[in-house]
1. Kindly indicate the residue of the range 247-276 that is among the hydroxyl-bearing types (S, T, Y) and closer than 14 Å to A218 by Cβ and also least open to solvent (accessible area, probe 1.4 Å) among those meeting that condition.
2. Identify, by number, the condition in (1) in contact (Cβ under 8 Å) with a residue 12 or more places away in the chain; (2) closer than 30 Å to H6 by Cα; (3) out of contact with any helix residue (DSSP H, G or I) (no Cβ under 8 Å at 6 or more places or on another chain) that L246 doesn't meet.
3. Looking only at the range 70-81, decide whether some residue is at pLDDT below 90, surrounded by 15 or more Cβ atoms within 10 Å (Cβ to Cβ) and either among the aliphatic types (A, V, I, L, M) or outside any helix (DSSP H, G or I) (or both).
4. Among residues belonging to the range 203-223 that are open to solvent by 60 Å² or more (accessible area, probe 1.4 Å) and in a strand (DSSP E or B), point out the one that is farthest from P73 (Cα to Cα).
5. What are the residues in the range 170-202 that are of a type outside the set (G, A, S), without any contact (Cβ under 8 Å) to a residue 60 or more places away in the chain and either farther than 15 Å from L91 by Cβ or buried (at least 17 other Cβ atoms within 10 Å of the Cβ) (or both), if any?
6. If you scan the range 230-241, which residues turn out to be crowded, with 16+ Cβ neighbours inside 10 Å and part of a loop (DSSP other than H, G, I, E, B)?
7. Within the range 153-181, restricting attention to residues that are β-branched (V, I, T) and in a loop (DSSP other than H, G, I, E, B), which residue is modelled with the highest pLDDT?
8. Of the residues F184, F192, which is farther than 26 Å from I10 by Cα and in a strand (DSSP E or B)?
Amino acid sequence: ITTKEHKGEIKIITIERTHTLLVAHTPSWPLTGSASAAASAATGANTGDSELNAELAALTRSAPPQTSELMGPTHYLEKLFVATGFSKSTLLSRDEAFEKVLFAYMETNGLERKQGAAATVAATGGEEEEDWEKADGEAKGGAVEGEVRLDEMLVESLFKVAGGKKKGEEYPTSASMDDCESRFESRLQPWFRVDIEGFAPRERKGTLPKVCISAGRAAGHNKTSVSGLEGYRIDPDELARYGKRLFNCTASVAELPGKNVHEKEVTFQGHCISELIEHLQSIYKLPRDAIEVKR
């Protein structure tokens, strides 16, 4: 091999793969995927350690995780969800939330006007149904598309804020459909669901985090760290136990800092990003876009 030293770090520049010692070498750990094919082509040897291979085979999942982005109500929308037949804890897709909650409520209560008369109603101060109908008839020709009459439920769900109404503030009696949709979406709580074979579906608030792999140096040594494993039902201790044998290095597991943080981080000595990605994909069937690499 030829090497180059830069700022105390030695980098391998070239490898003579046809060298007698390399060809005669038999690895003591099992290789998978492209690494296994390269080793077999260069050495003509098997991957060794059949016991470890058997253990890894037992861990290997047959299908990738199925993930879903869901929406649930914040406290502003809980009554609206209940009014349309759902519970306060119901989780729906974004499209389902709009169709089965917001639009369904408007349709059931006759609140949407394709040619509304919001301006006329606002000018006359009319709040009753007959005022809306009368204004709707008078405003034809100059009406605004997609107007929605706001009843008490929609005002409370979409316009009221915590802390109550400020002095002199008045809530609108109608609004555009675009405004209602925007306010409704802003008051939905994002959730995610992960379905993995052999485990019960897991639902959590927020957006689905990625498995994060980072490379760095500590105490003069290279290191590779990985976190975010729990979201995909990967046991950090299990990964460390098999990873140190696969990558022929030491491994440690530590809890991530922070209050109410229960996730762990696995750290391997040396730079093994490619090997770690291949392991996560081949054993746990993680899609590549679920893995984030920080260098």
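The values are calculated or read from the model by the stated rules, or taken from the named source; none is laboratory data. All values derive from a computational prediction rather than experimental measurement. Note: ideal-geometry Cβ built from the backbone for every residue, glycine included; neighbour counts use all protein chains shown. Remember, those area values only see protein heavy atoms, side chains included, never the ligands or the DNA or RNA. Shrake-Rupley method; radii C 1.70, N 1.55, O 1.52, S 1.80 Å.
1. If we filter the range 247-276 for residues that are among the hydroxyl-bearing types (S, T, Y), which is where we start, we get 250, 252, 267, 274.
Next, from what is left, pick out any that are closer than 14 Å to A218 by Cβ: 250, 252, 267.
Values: T250: 84, S252: 65, T267: 32 Å².
Checked the range 247-276; the qualifying residue least open to solvent (accessible area, probe 1.4 Å) is T267.
2. Every condition holds for L246 apart from (3).
3. Just the residues of the range 70-81 that are at pLDDT below 90, to begin with: none.
Within the range 70-81 (the criterion being at pLDDT below 90, surrounded by 15 or more Cβ atoms within 10 Å (Cβ to Cβ) and either among the aliphatic types (A, V, I, L, M) or outside any helix (DSSP H, G or I) (or both)), the answer is no, since none of the residues qualifies.
4. H221
5. Passing the criteria: E170, Y171, P172, T173, D178, D179, R183, F199.
6. R233, I234
7. Of everything passing the filter in the range 153-181, T173 is modelled with the highest pLDDT.
8. Details: F184 fails: in a strand (DSSP E or B).
Every option except F192 fails the conditions.
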